[in-house]
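The values are calculated or read from the model by the stated rules, or taken from the named source; none is laboratory data. Just so you know, these numbers come straight off a predicted model, no measurement behind them. In this analysis, Cβ positions are derived from the backbone assuming ideal geometry, glycine residues included, and neighbour counts consider all displayed protein chains.
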Amino acid sequence: MSSRIPLVHCLGCGRAGRSLLRLLADAELVQVGYVVNRSLHSAQQAVSFIGAGCAADALPVLGQNDGLLIALPESQLESAAEAIQIKQSQASGSQALGFAFHLSASQSSELLQGVAERVASLHPAMAFADPKQAITQFAGSWCVLEGDASLCQQLSRWVECLAARAIVATQLDKTLYHAAAMGASNLILATLGLAQRVAQVAGVPEESSTGLLSALALRNVAATQEQGVTAAFTGPVERGDVRAVSRLMQAVSQADALSASDRQLWQQLLRACLPLVAQQGRLSTEQLQTMAASMDQQTTPTRSDH
Ligand SMILES: NC(=O)c1ccc[n+]([C@@H]2O[C@H](COP(=O)([O-])OP(=O)(O)OC[C@H]3O[C@@H](n4cnc5c(N)ncnc54)[C@H](OP(=O)(O)O)[C@@H]3O)[C@@H](O)[C@H]2O)c1
């Protein structure tokens, strides 16, 4: 293997870490060095999955040009970074590593300052629940990077070599970015869960509701991919049909089989359609105000409103 291929060690080689390292090693973009998990057995399993690397109980002092992937759970990143810095500084002549990066959605690369000359975060916006499956799904996925510019460039190149897409954001509020990513993952599923409960009350056979609603959701997501969320948005709110919207709101507010929080959530989500409709620019300001007023009038009161 060429000596120009960087040597990358891994601390925390679980589902995400081993999937990414397997892809990078298979593509001969990195040489895998030490792999350290909580247990040696788990590190050995990671090495066997990657097909490269050396399982170890703990990270030894690492070389100044080495790279380090810290794919630990988020809560452990800070303390791990401190421990690595202490260990590296105690070794004579050896200081910070060449580069280090983590995979967290919500933590900034700043956590790793001092661990390496160049630090970054690379968040793969996909699920690694099953590493065997994840390595087949990585191509075509997106990764969001922030941190040192030259390291982001290097990591972007790797991501693109693996046929995924890289977004480098120079100023990224990671917590808000995480909130956005959750909106497109967890919150969409929360909305589908609500739609399923409403469908059940409406009388849709339970065994069909997942198929029906996920097909609808997929079409909307596909339209969003093609045209953007504003253009993809259709329905009675978009048509400015105040009567239809009022009937819907009334039906939901009177559906006693739904919990009060589900009724409220549905109405709040309906109200969240208004900014999209306003962005489309088809309805006049007056029509939008009438729609908003009609929604407000019929919103189920919360307990604190009593
Ligand atoms: N999973 C995803 O879908 C996904 C997607 C995007 C980004 N990420 C990010 O990737 C990172 C890792 O997530 P994950 O899902 O891969 O977690 P995971 O599967 O739970 O893996 C975490 C690994 O860290 C090891 N570990 C935990 N504490 C340790 C310690 N004190 N010292 C050494 N090793 C330790 C564990 O070792 P043992 O195996 O011995 O317990 C495990 O192998 C997180 O920052 C997460 O946000 C995950």
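Scanning the stretch 4-27 for residues that are part of a helix (DSSP H, G or I) and within 10 Å of the ligand (Cβ to nearest atom) yields 15, 16, 17, 18, 19, 20. Could you figure out which of (1) in contact (Cβ under 8 Å) with a residue 60 or more places away in the chain; (2) in contact with a helix residue (DSSP H, G or I) (Cβ under 8 Å, 6 or more places away or on another chain) isn't true of residue 61? Every condition holds for residue 61 apart from (1).
Taken together, the criteria exclude residue 30 from residues that are touching a Ser or Thr at 6+ places or on another chain (Cβ under 6 Å), away from the ligand (no atom under 12 Å from the Cβ) and over 24 Å from residue 174 (Cα atoms). Selection over the stretch 119-129 of residues that are more than 10 Å from the ligand (Cβ to nearest atom) and out of contact with any Cys (no Cβ under 9 Å at 6 or more places or on another chain) gives a count of 1. Scanning the stretch 215-250 for residues that are out of contact with any helix residue (DSSP H, G or I) (no Cβ under 8 Å at 6 or more places or on another chain) and crowded, with 16+ Cβ neighbours inside 10 Å turns up nothing. When the residues of the stretch 35-48 are filtered to those that are surrounded by 18 or more Cβ atoms within 10 Å (Cβ to Cβ) and within 11 Å of the ligand (Cβ to nearest atom), the one that is nearest to residue 163 (Cα to Cα) is 46. Do we have any residue at all in the stretch 171-193 that's surrounded by 14 or more Cβ atoms within 10 Å (Cβ to Cβ), among the small types (Gly, Ala, Ser), in contact with a strand residue (DSSP E or B) (Cβ under 9 Å, 6 or more places away or on another chain) and at pLDDT 95 or above? Looking through the stretch 171-193, at least one residue is surrounded by 14 or more Cβ atoms within 10 Å (Cβ to Cβ), among the small types (Gly, Ala, Ser), in contact with a strand residue (DSSP E or B) (Cβ under 9 Å, 6 or more places away or on another chain) and at pLDDT 95 or above.
Based on what the data block shows, is residue 51 more than 11 Å from the ligand (Cβ to nearest atom), in contact with a Lys or Arg (Cβ under 8 Å, 6 or more places away or on another chain), modelled with pLDDT of 95 or more and among the small types (Gly, Ala, Ser)? In short, yes.
Scan the stretch 59-113 for residues that are in a loop (DSSP other than H, G, I, E, B), within 12 Å of the ligand (Cβ to nearest atom) and more than 22 Å from residue 146 (Cβ to Cβ) and report the count. Selection size over the stretch 59-113: 1. Suppose we filter the stretch 252-283 for residues that are over 28 Å from the mean Cα position of the chain (by Cα) and surrounded by fewer than 14 Cβ atoms within 10 Å (Cβ to Cβ); how many remain? Adding up the residues that qualify gives 7.
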